[in-house]
Every structure is written in C-alpha cells, then in structure tokens.
Amino acid sequence: MEKIIVTISILTSMGNSINQNSSCIECHKMQKIPSELIYRRYLMKYSDNSIVKLKMFNYIKNPIKKSSIMPKQFFLKFPMKRKIDINSTILNYEIDEYIKKFDIKSRLILDNN
Amino acid sequence: MLKSEKRSLFRFLAIYLTSTMLLFILTTVILYTYQKHNIIDIQMDKIHIEAQKISDKLRILHTNFNSPLLYPNSKDFKSAIFNINKKYIFGSFKPQNILWDREFYIYQDCIFYISTIKPYYLGASYLVISKKIDYKPIDNLQKLLLIFLIIAFVFFFLLGLFLGRLFVAPMKESMESMNRFIQDTTHELNTPISTILSNIELLETIYNCEAKEEMKRIEIASKTLSRLYEDLTYLKLNHRYHIEIEHLNISKLLYERIEFFSTMIEAKSLILNLRIDEDVSIDIDKNDAIRLVDNILSNAIKYNKKGGDLKIELSSKIFIVHNSGIGIQERDLKSIYDRFNRANSSEGGFGIGLDIIQTIIKRYEFDFKITSKEHIYTEAKLKWKR
C-alpha cells in the first residue's frame, strides 16, 4: 500500500512535466498507479460520474488537501501535488477517457447462477 | 305453526341474524384488514433482508477489481441501483415512475422498497428492490374467513331458531288457548243455532205463527249467528282445511246466497237490482266461494241504508256488489283489510269478513277493489282470474 501511495504522490507532483498530448492513463500505467482504486474512491464518495469529473478537474487544477480524495494522513508522509498547467479542454477529455475506462457500468453483469 | 307465529319467528330471526351477522362481518373485515397488513409486512421484511444482502454484495464488489463484476440476481426479487442523481446504473430490472419520496410502496401487484446506500459502493446511492406480492396467504385468509362466516351464520341461525321458538312460545300458548276457546265456543253455538233455525222454519210452515215480524227478527239474528259460526270455523280451520277445487256454477250459488240473505234484505227494505248472467262458472272450492259471496253480500246489506239500493252484477269476468250505503271514509279504505277493523263501529260484526275475503282473493289471485264515497255508496268489484 505504501508503495502505491508513493507512486501516486510522484505522479501528482510531476504535473508540469506531463505532455499535453499524452494519455493520463498510459502514464498511470507506466507509473503503476492504481487508477481504478482512485476512481472507486471518487465514486464511493461522489456517486455520480459528472460530480467525480468535476471534483477531479478541480483537484488537478488546484490541488489542495481539502479537495483531495486521499485521507489526511496521506499528506503527513507525502507532499501535496503541484499545480498542473494544462489546457482545460484536454484535461476534460483525459478525465472522460479515464472515467470511461474504469466505469463500473461496463463491468457489471447479472449473476445468473 | 300459525301464520302470526311464523311471522313473529321470522321477524325475530331477521333482526337477530342481521345484527349478529353485521357485527361478525364488521369484525371479520377488521380482522382481514389487520391480517392482510401483517402478510404484506412479512413480505416487506423479506425485501428489507434482501436489500441488506445486496448492499453487502455491493460493498464486496466495490473492492473487487476483476472483470466482470457479478451483480446479485434472484428469481424472487428484482433490484436496481441508482446514483445520487437518481440515474440508473445497473440492475436486474429497470423500474419506471419510481416514487422516490417513499420507502415502501405497492404498484401493479408489486412491493417496491427504496433503500439508501452510504457510502456509495459502485456509485450506488439508492437500491430499488421489487417483489411480486404473494397473494396465496391472502387468498387462504379470505377462504378461512369465509368458512368462519358461513359456520358462524349456520350456528347463529340454529341458535336463533332455538331462541326464537322460546321467544314465541308464550304467544303460541296464548294463541292456542284462544283458538281452543273459539273452537269450543263455536262448537257450543252450533247446536242451539241449528235448533233455533229449524224451529223457526217449523213455526212458519206448520203452526202459521202470527208474530211474523218478530219471527223474522229471530231468523235474521239466528242466520247472523250461523254465518258468524261459519266464518269462525273457516278462519279456525283455514290452514288445515282441505281445499277441493271444482268447476262451480257461481250464478246458481249466488242465487242461493241471495235467497239465504233474503230475510235481511227484506228487513232493511232494500231495493234489489240483479244483473246475473246465467251459468257463470269458475274453478273454486265451494266453501271458499260461499264464504266470499256471503261476506261481500252481508257487508253490503249490513252497511246499507234502510230502503237503499243493492245492485248485484255477475258476469264471466266480474262480480260487483254496489250499495247506496253509509260509505267508507277515505282513510279507512287503506286499513280495510285489517282483521278487526270496521268501517263504522256503530254496526255489529267482528270485522273478520274482510279478512276472509282477503284470504280467498289471495288464494285464487282474484283482483278485488273497493271504492266508496261516504254517505253515498260503496262498491266491491271482484275480477275473476280465468
């Protein structure tokens, strides 16, 4: 778990270095960040994808403890993510892609047993 | 069992059974409503338990990152999850027109339960579960209550019958003693009346009695007594009397009865106007026919003025007796059939004549009508049923 948190921290802190044309998901993969777990945390707190998207957007644009999905104890060990200077349109697109990939609707099937 | 006794018993039973059954039906309805709610509540509890199970499964699924995620499915229950904005996420059905402001509700034979979920596992804020209402216990309850009502009705009917008989027993005893008294009295009357009438006849024919006026009065009084005896015997034996329907020549009988009343007609100096068709015959018991004709005629004579008119008309369709008598008040016409009611209390008689007429016209379904104008006339019109 500690390893995972460290990885998240690294990812969030290198916001400025993200290439605007690259996919967040690809990068998360490379960094072995448990993206789905983060998405589930958001989903468990905000329920609706539209709210999740808004909260993610706000956090990436202005990362503060209050708006973070991570628990307070997390920031005792890891520094706060730096602001990312990213185009809003691109960010919106990336968040949409992110949500689309992990959306539970496409994963759920009826248990017929 | 006497008619009045039957009527009293029937009335008692009707009041007793109606009130008892109303009370029972009311109790049964309350019990049914209460039990039905209980049955529905049990089914609601089952849905509630199912909701808990699904919530637990959603929690487990939320921490499961494998694919696919198996949403809990049951043949008895249908469920669906909705996000905080009440948008459908997934489910074994997609309910429409959900009443979000209610926890439980019934719609189209299904019970719906809306459970809130927090935290929002898989983004689900609401869990909607539906179950088809199981009507079998309700049907069983209905059958049970119906059987209970039928048994209660039978039991209370038998109890009512027993109590009713106890209730009418004193009345029955009184009626029986009264009947015995009438029977004894009439029996005792028969012999002296017959003696008087036969001796009057003897006096008139053999001894050529000089006091003819007085003799006529004795004859009228005796015939009145004789007729009263006949009426009482008829009423007394009415329900046990063997009726023998025959094709009776009513014209001939009418002449005979007019002859019987001739002394009375003469005594009142009535002007007799007869329009009797020959050989009019109807199917009737002879005794019934005599009692019917006698009572109509005797009333027409009794309630006539001295020297008044008495018109008697008989055809194959109708029998009319019209007098120019004292008439009947309008209010009295309504109650004229009551056994002891008399149109004019100044005249004699027990009023049983009209009761006998009513009994006979009911028996043969004749159409009987009395029209009258006080101090002018009274007309009794009888249409034969042919």
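Tell me, B:GLU259, A:GLU94 in order of fewest to most beta-carbon neighbours within 10 Å? Can you show the working numbers first?
Working: B:GLU259 10, A:GLU94 22.
Ascending Cβ contact count within 10 Å gives the list B:GLU259, A:GLU94.
How high is the relative contact order of chain B? Use alpha-carbon pairs under 8 Å, at least six apart in sequence, and give a whole percent. Show your work: numbers first, answer last.
On the way: 475 pairs, mean separation 41.1, N = 386.
Averaging sequence separation for qualifying contacts and normalising by length gives 11 percent for chain B.
Averaged over A:99-109, how many beta carbons belonging to a partner chain fall within 10 Å of each residue's beta carbon?
Mean number of neighbouring Cβ atoms from other chains: 5.
Give the aspartates and glutamates reachable from B:LYS118 as a straight Cα distance under 14 Å; neighbours fewer than 8 places away on the same chain don't count.
Cross-link targets: A:ASP48, B:ASP56.
Residue by residue, what Karplus-based ³J(HN,Hα) values in Hz, rounded to whole numbers, does the range B:74-79 have, using 6.51, -1.76 and 1.60 with θ = phi - 60° and x for Gly and Pro?
9, 6, 8, 10, 10, 9
For a quick check of your reading of the filter: which chymotrypsin sites (Phe, Trp or Tyr not before Pro) in the range B:83-129 sit in a DSSP loop and have no more than 13 other Cβ atoms within 10 Å?
B:PHE93, B:TRP100
Treat each spin label as a single point 7 Å out from the Cα along the C-beta direction, and report the B:GLU103 to B:LYS306 distance in nm.
Placing both labels 7 Å beyond Cα along the Cβ direction yields 9.8 nm.
Given a cut-off of 19 Å, name the pairs among A:LYS72/A:LYS101; A:LYS105/B:LYS75; B:LYS306/B:LYS381; A:LYS29/A:LYS66; A:LYS45/A:LYS105 whose C-alpha atoms lie farther apart than that in the structure shown.
Over 19 Å apart, Cα to Cα: A:LYS72/A:LYS101; A:LYS105/B:LYS75; B:LYS306/B:LYS381; A:LYS29/A:LYS66.
How much net charge surrounds A:SER67 when only the other residues with a Cβ under 10 Å from the Cβ of A:SER67 are counted, with Lys and Arg +1 and Asp and Glu -1? Walk me through the numbers before you get to the answer.
On the way: positive: A:LYS55, A:LYS61, A:LYS65, A:LYS66; negative: none.
Taking every Cβ under 10 Å from that of A:SER67, the sum is +4.
Taking B:LYS6 as the anchor, which lysines have their alpha carbon closer than 30 Å to its alpha carbon, excluding any fewer than eight residues away along the same chain?
B:LYS172, B:LYS236, B:LYS286, B:LYS334, B:LYS362, B:LYS369, B:LYS385
At a Cα cut-off below 19 Å, give the lysines reachable from B:LYS36, other chains included and same-chain residues fewer than 8 away excluded.
Excluding near neighbours in sequence, the set is B:LYS46, B:LYS131, B:LYS132, B:LYS136, B:LYS143.
Considering every pair of different Cα atoms, what Kirkwood radius, in Å, is found for the protein assembly as shown?
Here the Kirkwood hydrodynamic radius works out to 33.5 Å.
What base-10 log of the normalised intensity I(q)/I(0) is obtained for chain B from the Debye formula, alpha carbons as equal point scatterers, at q = 0.08, 0.10, 0.15 Å⁻¹?
For chain B, the Cα-only Debye profile gives -0.63, -0.81, -1.28.
Using DSSP to define loop residues, name the trypsin sites (Lys or Arg not before Pro) in the range A:31-113 whose beta-carbon has at most 12 other beta-carbon atoms within 10 Å.
Sites meeting the loop and neighbour criteria: A:LYS32, A:LYS65, A:LYS66, A:LYS72.
What does DSSP give for chain B in terms of the percent of beta bridges that are antiparallel, rounded to the nearest 5?
That works out to approximately 90 percent antiparallel.
Given R₀ = 41 Å, FRET efficiency for B:LYS6-B:ASN249 by Cβ-Cβ distance, to 0.05?
Details: r = 36 Å, r/R0 = 0.88.
Result of the calculation: an efficiency of 0.70.
Starting from the range B:76-184, pick out the GluC sites (Glu not before Pro) whose DSSP state is loop and whose Cβ has at most 15 other Cβ atoms within 10 Å.
Those that pass, being in a loop and sparsely packed, are B:GLU103.
Quickly estimate the mean residue ellipticity at 222 nm for chain B, helices only: each DSSP H run with n ≥ 4 gives -39500 (n - 2.57), and the total goes over all residues, rounded to 500.
Numbers: 8 runs with 208 residues, N = 386.
Here the helix-only value at 222 nm equals -19000 deg cm²/dmol.
Here are some pairs, B:LYS212/B:LYS311; A:LYS55/B:LYS86; B:LYS223/B:LYS317; A:LYS65/B:LYS86; which of them have Cα atoms lying more than 24 Å apart in this structure?
Pairs exceeding 24 Å: B:LYS212/B:LYS311; B:LYS223/B:LYS317; A:LYS65/B:LYS86.
Laboratory data are not the source of any read-out in this text; all were calculated from the coordinates shown. Every value quoted in this text rests on a predicted model; they were computed, and no experiment measured them. Neighbour counts run over all protein chains shown; Cβ positions are idealised from the backbone, glycine included.
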